[in-house]
Each structure stands twice: as structure tokens, then as C-alpha cells.
1. Give the average, rounded to an integer, of partner chain Cβ atoms located within 10 angstrom of each Cβ in B:84-93.
2. Mark the label point 7 Å from the Cα of A:Lys102 along Cα→Cβ and return the residues of the range A:62-95 whose backbone N is within less than 20 Å of it.
3. If you count, for every residue in B:63-69, the Cβ atoms of partner chains within 10 Å of its Cβ, what is the mean?
4. So how far, in whole Å, is the C-alpha centre of the range B:151-182 from the one of the range A:1-60?
5. Straight-line reach only, C-alpha to C-alpha below 19 angstrom: list the aspartates and glutamates that A:Lys63 could link to, leaving out same-chain residues fewer than 8 apart.
6. Within straight cross-link reach of A:Lys91, meaning Cα distance under 18 Å, which lysines are found once same-chain residues fewer than 8 apart are removed?
7. Just to confirm a number: summing +1 for Lys and Arg and -1 for Asp and Glu over residues other than B:Leu40 whose beta-carbon lies under 15 angstrom from that of B:Leu40, what do you get?
8. Would you mind working out the magnitude of the charge dipole of the range B:84-129 relative to its Cα centre, with +1 at each Lys and Arg C-beta and -1 at each Asp and Glu C-beta, to the nearest 20 Debye?
Amino acid sequence: MNINLTLIGQSIAFLFFIWFSYAFVWKAIRAAMDEREKQIADGLEAADRAGRDLELAQEKATKHLKEAKAEAAGIIESANKRANQIVDEAKEQARTEADRIKTAAQAEVEQEVNRAREQLRAQVATLALAGAEKVLEASVDEAKHKELLDKLAAQL
Amino acid sequence: MAGETLTATSYIQHHLTNLTYGKLPEGYERQNADGSVEVLSQDTWTLAHTSQEASDMGFMAIHLDSMFWSVFLGFVFVLVFARVASRIHSGVPRGLQNFVEMAIDFIDKQVKDSFHHKNAMIAPMALTIFVWILLMNTMDLVPVDWLPHLATIVSGDPHFFFKVVPTTDPNVTLGMAFTVFGLMIYFTIAKKGFMGFVKELTLHPFHAEKWYINVILVPINFALESISWISKPISLGLRLFGNLYAGEMIFILIATMFSAGLVLGLFAGVLQWAWAVFHILVIVLQAFVFMVLTIVYMAMAHQVEEEDQFH
């Protein structure tokens, strides 16, 4: 247990190794480790962000889907409504048309009746006049009795 | 083992003596192996043949085995780490890089926990201290006779001294501790200036407002602070040395039992195994303690105390 030059030798060796590990070991390894730490942190952050993005996208997709469904339902509903409306309109048109035709027909019938009656009336006057002529043996002056006869025909 | 021709005492003595190369003074009486005495006619640099010679060499001697193993293990440390550092990448770490990064991370955490100043030297220093001391301490787990025995075969000298655990040499531990102490003083002066260092030594722990009281307090403070400063490296170095020396001593004592018959030999084997397992704890703990204390001392050196700002 002698204290001797070994003490100084060890000191020099110690300082040398400290310097060596400072210059060639610590800096390089620490730099690489720090860089990896940063990479990992970045990676985790990116994964986080991707997760959030995915969630957002899913939410968006769900929203779009819901919107599309609602739109489709709306379209179907309005189509149904439109169809009903068209049917109703057609029905209405048909009814109107039928009414119109019926009215026209009725008017025509009435006109025919009136015409027939007019003809009949005219003919009745003539017939009556002829009958009377036959009865009176031409003693009747057509011009004199025309007014009388017309009155008769109008009462028919 | 090698102990058959030796007594237990000389065996232990042999194991506790370093391979010393030093200067023997002029007129020194050297005892040769055959018993003849040789008187040196001049100062001679030579290998010590006995532990007596080793201690007679005084300060002008160097422990070749301690220096060899500590420098060798230091190079094992720096070369392994530098090799990893030279091909390091920030991708997925593999194999040795994993291990090295684990060590770096551990040290970095320790340093950040107790050292809150800006100094890029502290962390590499802590790393060097921890790994190097750990490696040196680990030499303690190599059975005590293996490497010394190998050394006697290689050198051809049956009395070749060879201590393989550098940290059981107080020169090594105190050498490191005093280096830490030197760095502590250096950083104190670098950080607070020479006057700051002087003030730290003379104006603490007692301090008065009146200058004439301070004049009386300064020597008291200086005495107290000097003791507190000088006790740091000494306790730092001796703690490591004491723990490892005691551990080594137990291994040597256990090893003396190997030559005492089969039953005791087997018993010694079990004991040696058990002590080695326990010693793993000591090895790591002492390396860790040395490192942590160094970090703390460095933090103290960087600490600018509030009082200093008023003077």
C-alpha cells in the first residue's frame, strides 16, 4: 500500500479517458439518441394526427351518407307526391272533359229538339192550313188567316 | 494452486503486493533469491523483488500491474464505446448499440438529476468514471489465482507480483479522486473566479456583517472549509479502495483454504461463489457511488451561492 507515481499515472489516464469519451463517444451517441427520440416523437405525433384525420374522415363520411339518405328519401317523397298530383290532375281533367262533352251533347240534343219543334211547328201551321183549306174548300184567304194560324202553331 | 510451498501469510502477502518498478537508492542492500546481499553502487530503476523493496522505493515507483490493467480496461471502455459511436445511427438500435445506449441513457439521467448547470464535460466524465471503475472492479470476480498464475508462467518467475484489480490499489482510487478534486477546484475558479474560490474558503460557514468580526472568523472558516474540501477526495478515493480491498482480501482468504484438503476446498469453492455473488453488488454500487459523488461535487463547484453576489 505504497503511495507512488501510480497516483499521477492514474490521474493522467483518467483525464485522457474523460477527454476521449467527451470527444469521440458522448457527443456522437447522444446526438444519435436525441435524433431517434425526435423521430419517435414525430412518428407518434403523425400517428396521432392520422388517427384524428381518420376519425374526422369517418365522421364526414357518415354525415355525407346521412345527407344522401335524407336527400334520397326527400326525392322519393316528392316523386310520390308529384305522381299523386299528376294522377289527381289527370282525374280532374278527365272529369272536366267529360262534363264538357256531356254539356255539349246536352246542348246539341236541346238544339236538335228545338229545331225539330220549330220544323214541326212550321209544318203544323202548313198542315193545319192545308187541312182547313180542305175543309173550307179554299175559302180561306191565306194572307188573311196567316196571323191566326201562326198563333195556333205557336200554341202547339 | 501456487500455495503449496508457501505459507498462508506469504501467500496473502504475495497477493497484496503490486508489480512495482521504481528507483532504489544508492547503497541499498538488495537480498537476492539465493540469499546473497547485493549493495547497489548507484540509484537503480528496477523491478522490486520483495514487498519490502517495493515500499523502500518510496514515491519514485510505479505499479506496472495497476497501470496496465487500468489503462487496458480504460481502452476496452473507450474503444468499445467509440466503435459504437462511430457507426451509430438513429434507426432501430441492435446488439452492442443497445447496451451502450442504455448505459449512456442511465448516466445522462443521473447527471441531469443532480447537475443543473451547463457543462458538456460532466456527462462524459460520469460515463468514464462509471464504466471504467465498473470494469476495474469486475476484475475482482476473476478467481484470485488465475491471472497471477498465468503471469508467473509467462514471466517464468514464480515470485512474479501481479495484482489484477486496479481499484484495490489506493494509488488508483486516490489518483482518480484527486483528479476529481482538481477539476472541482478548476471549475470553481472558472465559474466564480479566483476571489470567489477564496471567499468560498474563508467566508463560510460563519459570516458576520462587521468586518472586524469577520477577521476573526476567517481563519476559523478557512480551517473548517479546508478540512471539508480535502476530506472529499480522500473519502471518495478511500471508500472505493476500502470496499474493493476488503472484498479482494476475503477472496484471498477463501483461496488459502483451497490447499487445505478436499472438504475445506469444496467448502471454499462454495464460499467463493457466494462471496462473488454478493460482491457483484459491491462492484456496481461502488462504481455508482463514485460517479454520483463526482457529479454532486461538480454541481457544488458550479453552484454560485447567493451570498457571493453581495460581495
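Bear in mind these aren't lab numbers, they're just calculated from the coordinates by the rules spelled out. For clarity, every value in this text was computed on a predicted model and none was experimentally measured. Please note: Cβ atoms are built from the backbone with ideal geometry, for glycine as well, and neighbour counts cover all protein chains shown.
1. Working: counts 4, 11, 4, 2, 9, 3, 10, 4, 1, 3.
Partner Cβ neighbours, averaged per residue: 5.
2. What the label zone holds, given the 20 Å backbone N cut-off, is A:88-95.
3. 3
4. For the range B:151-182 versus the range A:1-60, the Cα centre distance is 33 Å.
5. List returned: A:Asp53, A:Glu55, A:Glu71.
6. Excluding near neighbours in sequence, the set is A:Lys81, A:Lys102.
7. Taking every Cβ under 15 Å from that of B:Leu40, the sum is -4.
8. Values: 5 positive and 4 negative charges, 22 e Å.
Value, rounded to 20: 100 debye.
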